[in-house]
Ligand code: URP
Ligand code: ZN
Ligand code: ZN
Ligand code: ZN
């Protein structure tokens with residue numbers, strides 16, 4: 001066979017194995033692993049490097065409509081470019097339903113924004129903000145059939161939160177259709193109460209974002225979400241878990257036999273609430289929900305990654321500019337923590353952070369890294385085995401990592417649309433240098449070689465964990 005591309009001399013890692021072998025690619029898929037591969041149109045020498053499945057980041061926000069006067073810093077072009085440089089070949093952004101509007105309308109808008117503007121493959125989760133009879137009865141089931149097989153619901157944010165009754169109704173659609181529900185667990189009424197107390201005292205600096213969203217607020221909501229999922233009898237994903245007490249709710253539910261998938265993110269390993277105390281208004285750069293906690297919570301999240309409490313490690317990339325009229329510094333012209341848009345950039349550093357602080361420091365091994373960042377992501381969201389692994393027949397989505405490269409994180413080196421990185425100055429060892437998407441070299445030794453026309457939209461099959469078994473052949 002004459003291959004389109006052969007990756008030679010590398011060390012391949014999957015979620016289960018690490019081994020030395022060459023990799024042969026033809027027509028966008030992996031066609032041979034190991035053995036002779038003499039004839040190739042193109043070759044990459046990966047000696048001294050790791051050859052891993054391209055990262056799949058199942059939790060990113062791109063071009064999502066924000067509050068009035070606030071603009072998300074990334075469109076699909078900058079968001080997926082940043083993802084690519086961070087070793088990713090696929091991202092799953094959220095498509096937000098605006099209240100009173102059909103989901104289809106929002107999807108049409110997102111597809112139009114993404115079309116021809118992606119350096120990675122993309123697929124969409126739905127955010128259900130208005131579970132009307134029409135949405136629950138017709139629209140959502142039809143969308144699941146069309147390959148939008150996961151939706152997120154919120155317990156917080158005044159304009160997004162659903163009541164417990166609405167969450168149950170939405171979970172019931174998932175039960176009947178085999179979709180997967182993701183829940184943002186924070187108790188909005190408790191947050192409102194604490195905001196009232198803070199404002200009465202005149203406490204309005206960024207740090208108040210953390211003190212109005214304490215662990216109890218997340219723990220209670222996590223408990224409620226797993227209980228509602230138990231009542232509705234559906235599996236669920238608890239996204240962006242920040243601390244041990246929420247982890248314990250997940251573990252307790254699992255001991256009752258529930259399928260609960262846990263996700264954590266780089267901010268909960270690298271940041272603490274003290275970062276919200278920055279000079280002037282700098283603390284706004286670290287405002288995200290749930291907020292970063294303390295070093296004990298960081299240790300807990302590492303423990304959860306090691307022990308399997310977490311199946312997913314995603315970025316929750318949700319970038320806003322800092323020094324910008326539409327950003328974090330002067331939200332609504334008023335310096336009150338309540339107006340700071342929630343979310344921080346992270347899609348480019350998710351993998352380098354976990355590689356450096358996890359793999360290089362011996363906390364997790366390479367197969368666990370691959371599982372958390374690619375394989376489990378594909379399994380959970382209906383993309384496996386087409387994506388998320390290195391196997392004959394899988395898409396040739398590959399990231400080649402140089403474990404000997406140490407770099408200090410600088411915003412100037414990032415490729416997203418934000419004007420800062422929360423990880424400025426971090427020294428990380430191990431970086432992706434070459435990325436292949438569907439057999440095409442998108443990034444070669446750190447130089448962009450692909451175009452924004454190379455990524456494509458991918459319809460998804462059912463989650464492996466969904467109540468309705470996946471259809472044969474689904475997942476492409
Ligand atoms: O602060 C965050 N995490 N913003 C993004 C939206 C969300 O809740 O995931
Ligand atoms: Zn959320
Ligand atoms: Zn998010
Ligand atoms: Zn920038």
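The values are calculated or read from the model by the stated rules, or taken from the named source; none is laboratory data. None of these values were measured; they are calculated from a predicted model. Here Cβ is always computed from backbone atoms with ideal geometry, including for glycine, and neighbour counts include all displayed protein chains.
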Are any of the residues in the stretch 320-333 under 18 Å from the mean Cα position of the chain (by Cα), touching a residue at least 60 places away in the same chain (Cβ under 8 Å) and within 15 Å of ligand 1 (Cβ to nearest atom)?
yes
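Could you say which residue among 23, 52, 92 is over 22 Å from the mean Cα position of the chain (by Cα), buried (at least 16 other Cβ atoms within 10 Å of the Cβ), closer than 18 Å to residue 437 by Cβ and at pLDDT 95 or above?
Numbers: 52 fails: over 22 Å from the mean Cα position of the chain (by Cα); 92 fails: over 22 Å from the mean Cα position of the chain (by Cα).
When all the criteria are applied, what remains is 23.
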*Looking at residue 152, is it without any contact (Cβ under 8 Å) to a residue 24 or more places away in the chain, surrounded by fewer than 23 Cβ atoms within 10 Å (Cβ to Cβ) and either in a strand (DSSP E or B) or out of contact with any strand residue (DSSP E or B) (no Cβ under 9 Å at 6 or more places or on another chain) (or both)?*
no
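Pick out the one residue from 66, 78, 58 that is under 24 Å from the mean Cα position of the chain (by Cα), assigned to a loop (DSSP other than H, G, I, E, B) and in contact (Cβ under 8 Å) with a residue 60 or more places away in the chain. Write out each step before concluding.
On the way: 78 fails: assigned to a loop (DSSP other than H, G, I, E, B); 58 fails: assigned to a loop (DSSP other than H, G, I, E, B).
On inspection, the qualifying residue turns out to be 66.
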Just checking, does the stretch 42-54 include any residue being over 16 Å from residue 399 (Cβ atoms), in contact (Cβ under 8 Å) with a residue 60 or more places away in the chain and either out of contact with any strand residue (DSSP E or B) (no Cβ under 7 Å at 6 or more places or on another chain) or outside any loop (DSSP other than H, G, I, E, B) (or both)? no
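Answer yes or no as to whether residue 397 is more than 15 Å from residue 350 (Cβ to Cβ) and surrounded by fewer than 24 Cβ atoms within 10 Å (Cβ to Cβ). Spell out the reasoning first.
On the way: more than 15 Å from residue 350 (Cβ to Cβ): yes; surrounded by fewer than 24 Cβ atoms within 10 Å (Cβ to Cβ): no.
No.
From 158, 133, 145, which residue is at pLDDT below 95 and surrounded by fewer than 23 Cβ atoms within 10 Å (Cβ to Cβ)? So that I can check it myself, show each step before the final result.
Values: 133 fails: at pLDDT below 95; 145 fails: at pLDDT below 95.
Just one listed residue meets the conditions, 158.
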Subset of the stretch 283-302, residues touching a residue at least 12 places away in the same chain (Cβ under 8 Å) and assigned to a helix (DSSP H, G or I), comes to 283, 284, 285, 286, 295, 296, 297, 298, 300, 301, 302
Counting only residues that are in a loop (DSSP other than H, G, I, E, B) and within 16 Å of ligand 3 (Cβ to nearest atom), the stretch 163-186 contains a total of 2
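Tell me yes or no: at least one residue of the stretch 215-234 is assigned to a loop (DSSP other than H, G, I, E, B), within 28 Å of residue 424 (Cβ to Cβ) and within 16 Å of ligand 3 (Cβ to nearest atom). Don't jump to the end; show me each part of the working.
First, pick out the residues of the stretch 215-234 that are assigned to a loop (DSSP other than H, G, I, E, B): 233-234.
Narrowing the set further to residues that are within 28 Å of residue 424 (Cβ to Cβ) leaves none.
No, the stretch 215-234 contains no residue that is assigned to a loop (DSSP other than H, G, I, E, B), within 28 Å of residue 424 (Cβ to Cβ) and within 16 Å of ligand 3 (Cβ to nearest atom).
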Considering the stretch 334-354, residues that are more than 14 Å from the chain's Cα centre (by Cα) and within 16 Å of ligand 2 (Cβ to nearest atom), and then whichever is surrounded by the most Cβ atoms within 10 Å (Cβ to Cβ), we arrive at 340
- prompt: Can you spot a residue in the stretch 326-344 that is closer than 30 Å to residue 432 by Cα, at pLDDT 95 or above, out of contact with any helix residue (DSSP H, G or I) (no Cβ under 6 Å at 6 or more places or on another chain) and away from ligand 3 (no atom under 16 Å from the Cβ)?
  reply: no
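Has the stretch 192-212 got any residue that is closer than 19 Å to residue 228 by Cβ and within 16 Å of ligand 1 (Cβ to nearest atom)? So that I can check it myself, show each step before the final result.
Step one: filter the stretch 192-212 for residues closer than 19 Å to residue 228 by Cβ, giving none.
No.
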How many residues of the stretch 55-69 are surrounded by fewer than 24 Cβ atoms within 10 Å (Cβ to Cβ) and farther than 18 Å from residue 110 by Cβ? The answer is 3
